[in-house]
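What follows is a set of notes on a single structure, which appears directly below.
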Amino acid sequence: MKKIVILLAALSLLGACSKLTQDNYNQVKAGMTYDEVTSILGTATHCDEAVGTKSCRWGDDAKNIKITFLADRATVFSNHGIQ
């Protein structure tokens, strides 16, 4: 059972990475909602929330897209290792 859980976790990470492309990053625009962004990039790997601000990361330290949402609208975004 433990092997199945590890395998599923690994597959979900690989699936998320496949959406981390320059083309998908270029589709993200200021003002998009979190749901609009996740329709392009998939579910975020990690999000932090504080006082109406949500900062999310897709990917890992080597390859990622980071987006900050203010009132559920994309305001600041960046990428690292995306080609």
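Within straight-line reach of Lys54, meaning a Cα separation under 12 Å, sit the following aspartates and glutamates at least 8 residues removed in sequence or on another chain: Asp72.
Rounded to the nearest Hz, the phi-derived 3J(HN,Hα) couplings of region 48-60 under the Karplus curve 6.51 cos²θ - 1.76 cosθ + 1.60 (θ = phi - 60°) are 10, 10, 7, 6, x, 10, 10, 10, 10, 10, 10, x, 10, where x marks glycine and proline.
Summing charges over neighbours of Ala74, with a neighbour being any other residue whose Cβ is under 15 Å away from its Cβ, gives +1 when K and R count +1 and D and E count -1. Once all protein chains are placed together, Ser78 keeps about 50 Å² accessible to a 1.4 angstrom probe.
The values are calculated or read from the model by the stated rules, or taken from the named source; none is laboratory data. Please read these numbers as outputs of a predicted model, since none were measured by experiment. Virtual Cβ from ideal backbone geometry, glycine too; neighbours counted across all protein chains shown. Surface areas here come from the heavy atoms of the whole protein model, side chains and all, with no ligands, DNA or RNA. Shrake-Rupley method; radii C 1.70, N 1.55, O 1.52, S 1.80 Å.
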